[in-house]
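Asks: My structure is below; once you've seen it, I'll send some questions.
The values are calculated or read from the model by the stated rules, or taken from the named source; none is laboratory data. Nothing here was measured: the structure is a model prediction, and the numbers come from that model. Cβ sites come from the backbone with ideal geometry, for glycine too, and all protein chains shown count toward neighbours.
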Amino acid sequence: MKLIDSHFHIYKSEQAGIMAQGGQSLIGFKGIFEEALPILDRGKIHKIMALAVLPIFPMRNAAMIKWPPDLPFSEKRDLRLELEEKLQKRLSGYNEWLCRIAREDGRIEPVIIADATIDKNYMAEEIQSRIDEFQIKALKIHPTVNGMSPAAEGYGYIFEIASDRNLTVISHGGLAGEDLEGKLCSPENFKKVLTDFPNLKLVIAHLAFPHIDALLDLARTFPGLYTDVSFVLGNAPLSDDDFCRIIRDFGPERVLFGSDAPWSDPEKDADRLLSLALSEKELEMVAWKNAAELFGLE
């Protein structure tokens with residue numbers, strides 16, 4: 001059976017991939033492009049959606065905390081402008097790199113960063129340029145990394161662009177980093193987003209773990225909502241019966257297979273998915289068909 005990994009992270013360097021994992025490789029992966037190729041070559045995974053993530057908000061805070069507290073306003077303003085330009089270039093460079101390596105290997109689809117803390121006009125132009133040049137199909141947001149709720153005003157224009165240009169938004173869901181209760185990316189915080197943007201194609205990733213029941217409630221209210229089983233399939237304390245029940249309750253036509261590499265092993269997660277007691281039709285939808293239809297893949 002074909003498999004599309006809809007949640008696979010690729011970083012520009014080993015250092016970036018290791019830092020994203022908290023400073024050490026958690027299960028042996030560095031999160032780099034060169035690790036994705038043998039996985040695809042072995043043939044268990046046929047295509048991956050390569051998600052870009054860059055901690056702009058923490059990077060900005062880390063830089064600003066080093067500034068002397070008694071800096072004159074004019075100097076602080078100039079430093080802030082210089083810092084924002086550097087962050088913008090770093091974000092654009094990452095998106096550009098990801099799009100180009102994906103173009104070189106037709107088995108990879110780029111999912112660029114859409115960061116709500118970057119200047120609105122700059123970010124809007126960045127998204128448009130990637131649509132024009134690379135025909136991107138999805139945007140990645142990480143509200144927890146941005147230090148804000150997905151319902152925050154700063155995300156509004158991103159959702160509007162995605163709705164207007166028929167792009168899918170893949171958002172982190174549930175716990176992450178220091179937000180061990182997953183409050184920022186809880187299903188409740190996505191309710192306003194789905195209400196305000198009824199045409200938005202939204203994937204709340206990771207089953208919004210540990211808020212699975214709340215996510216199921218949200219799915220009943222918003223039939224256009226999607227989720228994925230990335231990370232949780234290989235790491236959450238859920239039985240095979242739990243996964244089958246959750247997939248069926250959410251709607252197997254709206255659940256995507258994903259691994260969350262480098263935090264989880266894509267091939268091991270694929271094996272577990274294929275071992276679940278789902279019908280052939282349900283398995284086909286989760287394994288690849290839903291992703292192919294949602295992202296417009298060949």
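Asks: So the check is Cβ under 8 Å with 6+ separation or different chains; which pairs have a first residue in segment 86-98 that's among the hydrophobic types (A, V, I, L, M, F, W, C) and a second one that's in a helix (DSSP H, G or I)?
Replies: From segment 86-98, the pairs are Leu87/Ile56; Leu87/Met59; Leu87/Arg60; Leu91/Ile56; Leu91/Glu126.
Asks: Still on this model: Could you tell me whether any residue of segment 81-99 is over 21 Å from the mean Cα position of the chain (by Cα), modelled with pLDDT of 95 or more and not in a helix (DSSP H, G or I)? Outline the logic, then answer.
Replies: Step one: of segment 81-99, the residues over 21 Å from the mean Cα position of the chain (by Cα) are 81-86.
Right, trim to modelled with pLDDT of 95 or more and you get 81-86.
Subsequent filtering for residues that are not in a helix (DSSP H, G or I) retains none.
Scanning segment 81-99 turns up no residue that is over 21 Å from the mean Cα position of the chain (by Cα), modelled with pLDDT of 95 or more and not in a helix (DSSP H, G or I).
Asks: State which residue is farthest from Ser129 (Cα to Cα) when the search covers only segment 76-88 and only residues that are surrounded by 12 or more Cβ atoms within 10 Å (Cβ to Cβ) and among the charged types (D, E, K, R).
Replies: Restricting attention to segment 76-88, the residues satisfying the condition of being surrounded by 12 or more Cβ atoms within 10 Å (Cβ to Cβ) are 76, 78-80, 83-88.
Going one step further and asking which of them are among the charged types (D, E, K, R), we end up with 76, 78, 80, 84-86.
Values: Lys76: 31, Asp78: 27, Arg80: 25, Glu84: 19, Glu85: 18, Lys86: 19 Å.
Filtering first and then ranking leaves Lys76.
Asks: Do we have Lys86 as more than 27 Å from Leu167 (Cβ to Cβ) and among the basic types (Lys, Arg) here?
Replies: no
Asks: Considering every residue within segment 257-276, establish whether at least one is surrounded by 16 or more Cβ atoms within 10 Å (Cβ to Cβ) and more than 27 Å from Gln21 (Cα to Cα).
Replies: Yes, segment 257-276 contains a residue that is surrounded by 16 or more Cβ atoms within 10 Å (Cβ to Cβ) and more than 27 Å from Gln21 (Cα to Cα).
Asks: Just checking, does segment 160-172 include any residue being assigned to a loop (DSSP other than H, G, I, E, B), touching a Phe, Trp or Tyr at 6+ places or on another chain (Cβ under 9 Å) and crowded, with 17+ Cβ neighbours inside 10 Å?
Replies: Residues of segment 160-172 assigned to a loop (DSSP other than H, G, I, E, B): 165-167, 172.
Then keep just the ones that are touching a Phe, Trp or Tyr at 6+ places or on another chain (Cβ under 9 Å); that gives none.
Within segment 160-172, none of the residues are assigned to a loop (DSSP other than H, G, I, E, B), touching a Phe, Trp or Tyr at 6+ places or on another chain (Cβ under 9 Å) and crowded, with 17+ Cβ neighbours inside 10 Å.
Asks: Looking at (1) in contact (Cβ under 8 Å) with a residue 40 or more places away in the chain; (2) over 19 Å from Ser259 (Cβ atoms); (3) out of contact with any Lys or Arg (no Cβ under 9 Å at 6 or more places or on another chain); (4) part of a loop (DSSP other than H, G, I, E, B), which is the only condition Pro198 fails?
Replies: Here Pro198 clears every test but (1).
Asks: Tell me, which residue of segment 201-217 that is assigned to a helix (DSSP H, G or I) and out of contact with any strand residue (DSSP E or B) (no Cβ under 8 Å at 6 or more places or on another chain) is surrounded by the most Cβ atoms within 10 Å (Cβ to Cβ)?
Replies: Ile212
Asks: Name the one entry in Leu215, Leu297 that is of a type in the set (A, V, I, L, M) and under 27 Å from Ser149 (Cβ atoms).
Replies: Step by step, each of Leu215, Leu297 is checked, and only Leu215 is of a type in the set (A, V, I, L, M) and under 27 Å from Ser149 (Cβ atoms).
Asks: Here's something else I'd like to know. Could you list all residues from segment 104-157 that are among the small types (Gly, Ala, Ser), assigned to a helix (DSSP H, G or I) and either free of Cβ contacts under 8 Å to residues at least 40 places away in the same chain or on the phi > 0 side of the Ramachandran plot (or both)? Spell out how you get there, then give the answer.
Replies: Quick first cut of segment 104-157, residues among the small types (Gly, Ala, Ser) only: 106, 114, 116, 124, 129, 138, 147, 149, 151-152, 154, 156.
Filter again for assigned to a helix (DSSP H, G or I), leaving 124, 129, 154, 156.
Within segment 104-157, Ala124, Ser129, Gly154 qualify.
Asks: Just for segment 1-20: of the residues that are aliphatic (A, V, I, L, M), more than 12 Å from the chain's Cα centre (by Cα) and not in a helix (DSSP H, G or I), which one is farthest from Leu37 (Cα to Cα)?
Replies: If we take residues in segment 1-20 being aliphatic (A, V, I, L, M), more than 12 Å from the chain's Cα centre (by Cα) and not in a helix (DSSP H, G or I), then Met1 is farthest from Leu37 (Cα to Cα).
Asks: Out of (1) outside any loop (DSSP other than H, G, I, E, B); (2) modelled with pLDDT of 95 or more; (3) closer than 21 Å to Asn95 by Cα, the odd one out for Lys30 is which?
Replies: Lys30 satisfies every listed condition except (1).
Asks: Within segment 103-130, restricting attention to residues that are modelled with pLDDT of 95 or more and under 19 Å from Ala261 (Cα atoms), which residue is surrounded by the fewest Cβ atoms within 10 Å (Cβ to Cβ)?
Replies: That would be Arg107.
Asks: Would you pick out the residues in segment 35-80 that are free of Cβ contacts under 8 Å to residues at least 12 places away in the same chain, assigned to a helix (DSSP H, G or I) and under 24 Å from the mean Cα position of the chain (by Cα)?
Replies: Pro38, Asp41, Asn61, Ala62, listed by residue number.
Asks: Would a scan of segment 240-251 turn up a residue that is surrounded by fewer than 17 Cβ atoms within 10 Å (Cβ to Cβ), without any contact (Cβ under 8 Å) to a residue 12 or more places away in the chain and outside any helix (DSSP H, G or I)?
Replies: Within segment 240-251, not a single residue is surrounded by fewer than 17 Cβ atoms within 10 Å (Cβ to Cβ), without any contact (Cβ under 8 Å) to a residue 12 or more places away in the chain and outside any helix (DSSP H, G or I).
Asks: Now for a different question. Could you identify the single residue in Leu225, Leu238 that is within 17 Å of the chain's Cα centre (by Cα), more than 30 Å from Phe33 (Cβ to Cβ) and not acidic (Asp, Glu)?
Replies: Sole residue among the options that is within 17 Å of the chain's Cα centre (by Cα), more than 30 Å from Phe33 (Cβ to Cβ) and not acidic (Asp, Glu): Leu225.
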